[in-house]
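The values are calculated or read from the model by the stated rules, or taken from the named source; none is laboratory data. Keep in mind that what you see is a predicted model, and the values were worked out from it rather than measured. We place every Cβ from the backbone using ideal geometry, glycine too, and count neighbours over all the protein chains shown. Please note that ligands, DNA and RNA were not included when accessible areas were found on the heavy atoms of the full protein model with its side chains. Shrake-Rupley method; radii C 1.70, N 1.55, O 1.52, S 1.80 Å.
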Amino acid sequence: MPNPSAGPVKVLVVDDSVLMQKLMTQIINSTPGFQVIGVAGSAEEGWDAIQELRPDILTLDLELPGRHGLKLLARVLKQDPLPVLIVSAFGGPGADNTIQALELGAIDFIEKPDGTTHTLDSFMKHVGTALQRASASRRLLMAARAAKEAPAAAVPARPTIAREISRTVGKSPLIAIGASTGGVPAVQVVMRDLAFTRLPIVVVQHMPAGYTAKFAARLAAATGLDVREAADGDRLRPGMAVVAPGGHRHLEIEERRGEFVCQLREGPLVSGHCPSVDVMFHSVARAAGAQAVGVLLTGMGRDGADGLLAMRKAGAETLIQSGETCVVNGMPKAAFEIGAADRAVALDQIGGVVAGLIGERPHQRTA
C-alpha cells in the first residue's frame, strides 16, 4: 500500500497509443496514492524516461514500435529493476508475450479494453488493483538490491512437524501448488526442480481464461513434464502436471480406486477467486491426506491459507514461500499467521525440500 506521508507512488506509462497514454494517465492519477510522472511512446523513449524520471512503477505495452517491449522489460529488470505492469491486448501472440513477460519478472498484467469481453469499467478496476500489487512489491525489489551487497539472511521458519509421506500401492504422492501475483516464474522454478521426481502435480495460478493453456505449454517446455490445462476427468499419472483453467470453474481432486482424478465444477468466487487455491487445497486434503505436499507461493490476499491449513490437519506436509523471496507476501503470510505451514522456504530451495520430504533424490525416480 502507498504511504501517504512519503508522497504519491510515481508511475511511468510506456505505450505507443496516445489514447491509451491519456486513459492510463487519467486512471492512475485518479487512484489515491499514485501519480503519472511521464509517458513514452517507444522502448527507447521509455528507457530514457526511466533514467531521467526514476519512476517507482512502470506500466508497459508489449507491442511497441522499433525495439519490442519484451526487450525493454528484460533490460529494465536486469539493469534498473522496478515493478513492471504489462498492459496487453489479448489474443494471438499477445497471450504468449504476456506469459513470457511474467516469466521474465513482470509483476502482473492488465488486458486492454476491447469493448466486449474486457470492458472499460473492468479495465479501470484492474489497473487500480494491479497498482496496489506493484506498490506492495517495491520493498522486495529494494531488499533484493540490498541482498546483492550483503550475506543472505536466514529464512524464518515455524517449528517443523516431521511426517513421513506414505506410498499407497497404486498411488504416487501428490504435490499441490497455489500461486498468484509473481507466481508464473515461481511455479516454473519449483516444478523444474521437482521434475526428476516424476510425481503428479496440480497447480492453481490465478490467471484469466485464455492464458492458462499457454502457461501450461510453457511449463511443459521448461520442465520436460507432461503439463496440460486440466480437463474434467483427467487422471493424474507420474510425470504429469495439470494447471487449473482460468474462467468460472474450480479445480478439485478426487480419489477414485487408487487414482487422483480432476474435477472441474462451476461455482462462485472463493477467497476472491475462481479457480481458487483454497478449493483445490481442501479437495487435496480430502483425497490425499498425508499422501500430499502443499506449497503456497507468492500472491496478494489470502487465497490458499485456509486450504493449506486443512491439508496440514489431514497430515500433509505444508510449505510456504519465504517472504523475502515473494513478489507479494500476502498469501504465504496469511497461511503462516494461522499456523497452516510447517515451514517457510526460499523459492530456490522449495524443490529440494519437497524432494527430501518424499524421500526422493535425483538418482531415485518414481516409476
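What's the total number of residues in region 241-262 that are open to solvent by less than 30 Å² (accessible area, probe 1.4 Å) and within 16 Å of M280 (Cβ to Cβ)?
Count: 13.
Give me a count of the residues in region 38-62 that are hydrophobic (A, V, I, L, M, F, W, C) and surrounded by fewer than 19 Cβ atoms within 10 Å (Cβ to Cβ).
1
Condition test on S283, is it out of contact with any Pro (no Cβ under 6 Å at 6 or more places or on another chain), closer than 28 Å to M300 by Cβ and either in contact (Cβ under 8 Å) with a residue 60 or more places away in the chain or surrounded by fewer than 21 Cβ atoms within 10 Å (Cβ to Cβ) (or both)?
When the stated conditions are applied, S283 does not pass them.
Could you please find all residues in region 326-338 being open to solvent by 10 Å² or more (accessible area, probe 1.4 Å) and in contact (Cβ under 8 Å) with a residue 60 or more places away in the chain?
Across region 326-338, the qualifying residues are V327, N329, G330, F336.
Please find, among A222, A213, A217, A231, the residue that is free of Cβ contacts under 8 Å to residues at least 24 places away in the same chain, of a type in the set (A, V, I, L, M, F, W, C) and not in a strand (DSSP E or B).
None of the other options fit; the residue is A217.
Starting from region 31-59, take each residue that is in a helix (DSSP H, G or I) and list its partners that are of a type in the set (K, R), counting only C-beta distances under 6 angstrom and pairs at least six apart or across chains.
Once the first residue is in a helix (DSSP H, G or I) and sits in region 31-59, its partners that are of a type in the set (K, R) give A43/R67.
How many of the residues making up region 339-353 are open to solvent by less than 50 Å² (accessible area, probe 1.4 Å) and within 22 Å of L104 (Cβ to Cβ)?
Selection size over region 339-353: 4.
Need a quick list: helices (runs of 4 or more DSSP H) entirely within region 248-359 having at least 3 residues that are among the small types (G, A, S).
Those helices (runs of 4 or more DSSP H) span 277-288, 305-313, 347-357.
Among P83, P32, P65, P113, which is open to solvent by less than 10 Å² (accessible area, probe 1.4 Å) and not hydrophobic (A, V, I, L, M, F, W, C)?
P83
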